[in-house]
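Input: a single structure, listed below in structure tokens.
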Amino acid sequence: MAQGKHSDEKVLYVGDSRVRQHKNSETTPRDYTAYPGKSETFIPNFLLKEWIVATVFMVGFMLLIISKPAPLGETPANPMNTDFIPMPDWYFLFLYQLLKYAYTADAYTVFGTVILPGLLFGALTLAPFLDSGEERRFYKRPIASSLMILSLVAVVYLTYVSWTHYQHELDKKNPGGKAVQEEKKKPEKKKAKAVALVAEDDPANKNVYQKSTCLMCHGTDLKGMPPGVPTLLGIGDKYSKEEITKIIKEGIGTMTAQYDANIAKGLTDQDLDSLAEWLSKQKSE
Amino acid sequence: MLKSIYNWIDERLDITPLWRDVADHEVPEHVNPAHHFSAFVYCFGGLTFFVTVIQILSGMFLTMYYVPDIMNAHASVNYLQNEVAFGNIVRGMHHFGASLVIVMMFLHTLRVFFTGSYKAPREMNWVIGMLIFMVMLGLGFTGYLLPWDDKAYFATKVGIQIAASVPLIGDQIKELLQGGDIVGAQTISRFFAIHVFFLPGALLGLLGAHFFMIRKQGISGPL
Amino acid sequence: MKFSEWNEADWLSLQLYFDTCILPITALSGLEAPWQMKHALERLRDALDTVEVPFKGRTVTMPAVQYRIADEHLFVQQIAGIASNCKASGFKYVIAISAANELLNLSIPNVDLLLVNPDKSTSLKLVGELWQKQD
Amino acid sequence: MSNEPKKQKKEVTRRQFLAYTLGGTGGFLAASMIVPMVRFAVDPLLQDKGESEFVKVIALDKLSDEPVSVPFKMLQKDGWVEEEVDLTAWITKNASGQVQALSPICKHLGCTVNWNTEKKYPNQYFCPCHGAHYEKNGKNLAIATAPLDEYEVKIQDNYVYLGKLGPNTKVTT
């Protein structure tokens, strides 16, 4: 019967005749009073206990995330990179390792990829129908429990072998492993502060440097090509004028003497001296 | 204030029985860690769900910055992780959450197995559980490729090769997964769609069924 | 503009505005080490920028003449030949630009202006004068 | 007599206490999940906008009524797509101290215009390519169909900052 709008009684709905009114169909849970002991209502009592466990988990989870950044490769994927050791995610390692044994590789790969995993997952999915006895305690269900324990051990073993094999290969590829990679990365991290070109329109630059052989390697803007060919920007910080003159005359490291090459190009001693002077002024202010 | 709104709605839609039924059902003593701590194993299901919620939320927020094409994928992940505030936290949640959800689900599976809780009348719930397990592995596999760095690319290449070794339909599976004949632009956008729409859709459906059956059949009795 | 930025339709409609062709000459001998060649090309690009950027609306840069045959006289003839073809194809002026100092004091027929390692101000002045002289 | 106030103190029932703690733990769980995500999502709002758009170019006192050509580097950052562009601008400061920065790109076919290089058109911008010329405020007089584009200008502790390039604002065609 329809209710008046403003009556504060709750609206009662006419039962929908098509829905079978089931009083206590057998699927409703037996009242846990059948199980003596202290049952408690879900909200708020039990849920609070679950959420306390969740809180503990959450704190641990956030600590893990804050302490370890999610790994990301330095560069986008490079399909041509042949010496990269492919490794599936950790939870697929056992399947990956399974393919490396005599009766699961080459001719028998179908065993390794279809039949064995198929058995494993199939049996697991059909467990209730395979192990259909009444008994629930695992020590009273030897076949099911032993099979499960066996496959558990097998999976753990395969994953472990696969992981150690991978670590071994990593070490073989770059001995020292993590530590070496860290070193290699560190120096590049602190990029040299960009040093500006000092006194760009100084005559020494205009008619001496631009015509000298230094131009060929160190470039019109003195940037050079690090790491092989050093930049001359900020060279004044490292060497004095005399040292620069000595380097031009005798060369240094992989650089050969440039003195006679420049003289051949028509530069005079006086030019080279003013050039050395100008280079010694290249300081990072 | 909240109470009055609730009552206003309740008078019209009678929603109280919906949650009251969930709220008031009795939780038996043998699953209650307060009574004997060995019952903590019964928390794995709840934890798995909790981590799944984290995965879905963090995943949704990541799609605000992530671009699933091979030119920008790595750059966008690099950008969101280093340039955007809390980017590394959210990606960390998703990355480590992925591994943790597999761990928690595995422990939950073991608990259900060793307490024989899959016995009648709960067989269907176990089968649905296994389907959820496979969907989760699928999510892990497709999600692993998305950052598109070397590790991701080669892991997926290996994974697809394994799938391709299935007799008869192996090549079709490989072609279907790759969206072409190489692991490339088609693969990443296809994996993105699977990872973000198809599998989560399946997961929500299965989880719905899973929870419905638990509510309907109740937790299996003590051993 | 660069030769690669044109399609047929644009060229037909705008050709009369673009009456100057830039002929880059890398003048490599082949003796250089690969990184030196890279370096030479970078210096050529810097030299080209001094003309291409300010006169983007009137010049078309042609593909570069990469290698230089040893015999100077023959080399000059080769460049002159290319320059005269450019003029025949419709260009009024031909400017040759190089970063190789050996070409410094060469005079090449049909080439209206030869710039070697020019900097911005000299290019601006010389090209401006070239166009004013004959406009 | 001292127990009087105690009785009025509202008694928190066991159920209420459990409800509060439940709300608390639930709140913590939700917050530690959602807060980083929401901050992650609203980041574009809170990113320090200032420096990326405007570039410090030249000291105010170096400018005069005569246009000055100023080269500068503009870093255009769009997410992870970054491009550093070398630009130049002709900057003038008129009597009333107003600063205008014009782009030297000729509106006809893109050559670079120069100031006061043509005897026929003194005190005007002149394009060497096809003879287009503009007034000091960028107004186009010949060949070109539009005035010179203009950079957004911002003056801060007497330094000129240039921002986005846009159509000319001073010229009323």
How many of the residues making up the range D:127-158 are touching a Phe, Trp or Tyr at 6+ places or on another chain (Cβ under 8 Å) and of a type in the set (Phe, Trp, Tyr)?
1
Residue among B:Ser76, B:Ser165, B:Ser117 that alone is small (Gly, Ala, Ser) and under 30 Å from D:Val42 (Cβ atoms):
B:Ser76
Go through the range A:127-178 and report how many residues are surrounded by 12 or more Cβ atoms within 10 Å (Cβ to Cβ), of a type in the set (Gly, Ala, Ser) and closer than 27 Å to A:Met87 by Cβ.
4
Name the pairs whose Cβ atoms lie under 7 Å apart, with the first residue in the range A:77-93 and among the acidic types (Asp, Glu), the second surrounded by 18 or more Cβ atoms within 10 Å (Cβ to Cβ), and 6 or more positions between them or separate chains?
A:Asp89/B:Gly140; A:Asp89/B:Tyr144; A:Asp89/B:Ala155
In the range D:41-57, anything modelled with pLDDT under 85, open to solvent by 80 Å² or more (accessible area, probe 1.4 Å) and assigned to a helix (DSSP H, G or I) is listed as D:Glu51
Looking only at the range A:105-126, and only at residues there that are closer than 16 Å to A:Val155 by Cβ and open to solvent by 70 Å² or more (accessible area, probe 1.4 Å), the one that is farthest from the other protein chains (Cβ to nearest Cβ):
A:Leu119
Among the residues in the range C:95-102, are any under 12 Å from the mean Cα position of the chain (by Cα) and either among the acidic types (Asp, Glu) or open to solvent by 50 Å² or more (accessible area, probe 1.4 Å) (or both)?
no
Working only within the range B:58-111, note down all residues that are more than 29 Å from A:Ile149 (Cα to Cα), polar (S, T, N, Q) and open to solvent by less than 30 Å² (accessible area, probe 1.4 Å).
B:Ser58, B:Ser76, B:Gln81
Restricted to the range A:83-104, and to residues that are more than 10 Å from chain B (Cβ to nearest Cβ) and outside any helix (DSSP H, G or I), which residue is nearest to B:Ser165 (Cα to Cα)?
A:Lys100
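The rows are residues; the columns are (1) within 25 Å of A:Gly118 (Cα to Cα); (2) modelled with pLDDT of 95 or more.
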residue	(1), (2)
B:Pro121	no, no
B:Phe133	yes, yes
B:Leu137	yes, yes
B:Ala163	yes, no
B:Gly180	no, no
B:Ile194	yes, yes
B:Phe212	no, no
B:Arg215	no, no
Scanning the range A:201-220 residue by residue, the ones that are modelled with pLDDT under 70, assigned to a helix (DSSP H, G or I) and open to solvent by less than 30 Å² (accessible area, probe 1.4 Å) total 3
Return yes when B:Val135 is more than 10 Å from chain A (Cβ to nearest Cβ), touching a residue at least 24 places away in the same chain (Cβ under 8 Å) and assigned to a helix (DSSP H, G or I) and no when it is not.
yes
Filter the range B:145-157 down to the residues that are in contact (Cβ under 8 Å) with a residue 40 or more places away in the chain and in contact with a Ser or Thr (Cβ under 8 Å, 6 or more places away or on another chain), then identify the one that is farthest from the other protein chains (Cβ to nearest Cβ).
B:Leu145
Name the single residue that is farthest from the other protein chains (Cβ to nearest Cβ) among those in the range C:23-65 being closer than 15 Å to C:Ser4 by Cβ and open to solvent by 30 Å² or more (accessible area, probe 1.4 Å).
C:Pro63
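Residue-by-condition table, conditions (1) open to solvent by 40 Å² or more (accessible area, probe 1.4 Å); (2) within 8 Å of another protein chain (Cβ to nearest Cβ):
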position: D:Thr25; (1), (2): no, yes
position: D:Leu29; (1), (2): no, yes
position: D:Ile34; (1), (2): yes, yes
position: D:Arg39; (1), (2): yes, yes
position: D:Ala59; (1), (2): no, no
position: D:Asp65; (1), (2): yes, no
position: D:Thr92; (1), (2): no, no
position: D:Glu118; (1), (2): no, no
Scan D:Gln76, D:Gln100 and give me the residue that is part of a strand (DSSP E or B), of a type in the set (S, T, N, Q) and open to solvent by 80 Å² or more (accessible area, probe 1.4 Å).
D:Gln76
Please give the number of the condition B:Asn32 fails out of (1) over 30 Å from B:Gly143 (Cβ atoms); (2) surrounded by 13 or more Cβ atoms within 10 Å (Cβ to Cβ); (3) out of contact with any helix residue (DSSP H, G or I) (no Cβ under 7 Å at 6 or more places or on another chain).
(3)
Could you tell me whether the range A:90-104 includes any residue that is in contact with a Gly (Cβ under 8 Å, 6 or more places away or on another chain), open to solvent by 60 Å² or more (accessible area, probe 1.4 Å) and basic (Lys, Arg)?
no
The range B:112-127, residues that are crowded, with 20+ Cβ neighbours inside 10 Å and assigned to a helix (DSSP H, G or I):
B:Val112, B:Phe113, B:Asn125, B:Trp126
Qualifying position, being within 11 Å of chain A (Cβ to nearest Cβ), open to solvent by 40 Å² or more (accessible area, probe 1.4 Å) and either closer than 20 Å to A:Ala77 by Cβ or assigned to a helix (DSSP H, G or I) (or both), among B:Ile160, B:Ile194, B:Ile188, B:Ile182:
B:Ile182
Within the range C:94-121, which residues are more than 17 Å from D:Glu118 (Cα to Cα) and without any contact (Cβ under 8 Å) to a residue 40 or more places away in the chain?
C:Asn101, C:Leu104, C:Asn105, C:Leu106, C:Ser107, C:Ile108, C:Pro109, C:Asn110, C:Asp112, C:Leu113, C:Leu114
Taking the conditions exactly as written (within 11 Å of the chain's Cα centre (by Cα), crowded, with 17+ Cβ neighbours inside 10 Å and over 30 Å from D:Leu87 (Cβ atoms)), does C:Ile79 satisfy them or not?
yes
For the range C:13-22, give me each residue that is within 11 Å of another protein chain (Cβ to nearest Cβ) and not aliphatic (A, V, I, L, M).
C:Tyr17, C:Phe18, C:Asp19, C:Thr20
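The values are calculated or read from the model by the stated rules, or taken from the named source; none is laboratory data. This one's a predicted model, so the numbers in the text were calculated from it and none came from an experiment. No Cβ is skipped: glycine too gets one built from the backbone with ideal geometry, and neighbour counts run over all protein chains shown. All accessible areas refer to the heavy atoms of the entire protein, side chains included, with ligands and DNA or RNA removed. Shrake-Rupley method; radii C 1.70, N 1.55, O 1.52, S 1.80 Å.
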